[in-house]
1. For the Cα atoms of the chain, what angle does the longest principal axis make with the long axis of helix 3-28, in degrees from 0 to 90, nearest 10?
2. Using a cut-off of 12 Å between beta-carbons, work out the net charge of the residues near S116 (Lys and Arg +1, Asp and Glu -1, S116 not included).
3. Pop the C-beta distance of F112 and N4 into the FRET formula with R0 = 41 Å and round what comes out to the nearest 0.05.
4. Quick one: net charge of N62's neighbours, Cβ under 14 Å, K/R +1, D/E -1?
5. Using mean Cβ contacts within 10 Å as the protection proxy, how do 12-21, 91-100 order, highest first?
6. So what does the Cα-only Debye profile of the range 8-128 read at q = 0.12, 0.20 Å⁻¹, as log10 I(q)/I(0), no solvent term?
7. Where does the chain land at 222 nm, in deg cm²/dmol rounded to the nearest 500, when only DSSP H runs of n ≥ 4 count, each adding -39500 (n - 2.57), divided by all residues?
8. What does the charge count near G99 come to, summing +1 for each Lys or Arg and -1 for each Asp or Glu among other residues with Cβ under 11 Å from its Cβ?
Amino acid sequence: MDRNQTIIAAVIVIIIIAIGSFMYISANSHNTKIEVLNNGTLKNGDSITVLLTDEYRNVYPNEVIDIKILDDSGWAHKYQVTTGEDGQGSVELVALENGNYTVHCDYNGTLFNKQSNAVANLAINDGF
């Protein structure tokens, strides 16, 4: 076998390995889902709790979820939470003004867990 044939054979083997790896990861990747577990009206001092699961409701512990809370003017409060053994993570609400907010939750995924996101609306009403 000459040098060109060896190079072509090596490239073909690399392509086959790459395609096989992609197919294996795709076949074994799990869809994930984030749920915001709170009702729509909270007070400062309350917490927003999120739950990370797969499509079979299996929880994912020790995963990082990015949470962004946007007020009506577009000002963002950003947090990162790590899920516990129950797949839940929470953020305590502090120093938010009364009003409406949008909560954006993002999970970036891993090699075998697909990324997901969720959006929820909430209101802060401290009673004054």
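Throughout, read-outs are computed from the coordinates displayed, never taken from laboratory work. Here the structure is a predicted model, which means the values were calculated and not measured. All Cβ positions, glycine included, derive from the backbone under ideal geometry; neighbour counts span all protein chains shown.
1. That works out to roughly 30 degrees.
2. On the way: positive: K33, K114; negative: E35, D54, E55, E63, D66, D106.
Around S116, the charge tally is -4.
3. On the way: r = 38 Å, r/R0 = 0.94.
Efficiency, rounded to the nearest 0.05: 0.60.
4. On the way: positive: none; negative: E63, E85, D86.
Once positives and negatives cancel, what remains is -3.
5. Values: 12-21: 10.0, 91-100: 13.1.
Most protected by this proxy first, the peptides run 91-100, 12-21.
6. -0.53, -1.03
7. Mean residue ellipticity at 222 nm (helix-derived): -7000 deg cm²/dmol.
8. Numbers: positive: none; negative: D71, D72, E97, D126.
Spelling it out: positives minus negatives among the neighbours equals -4.
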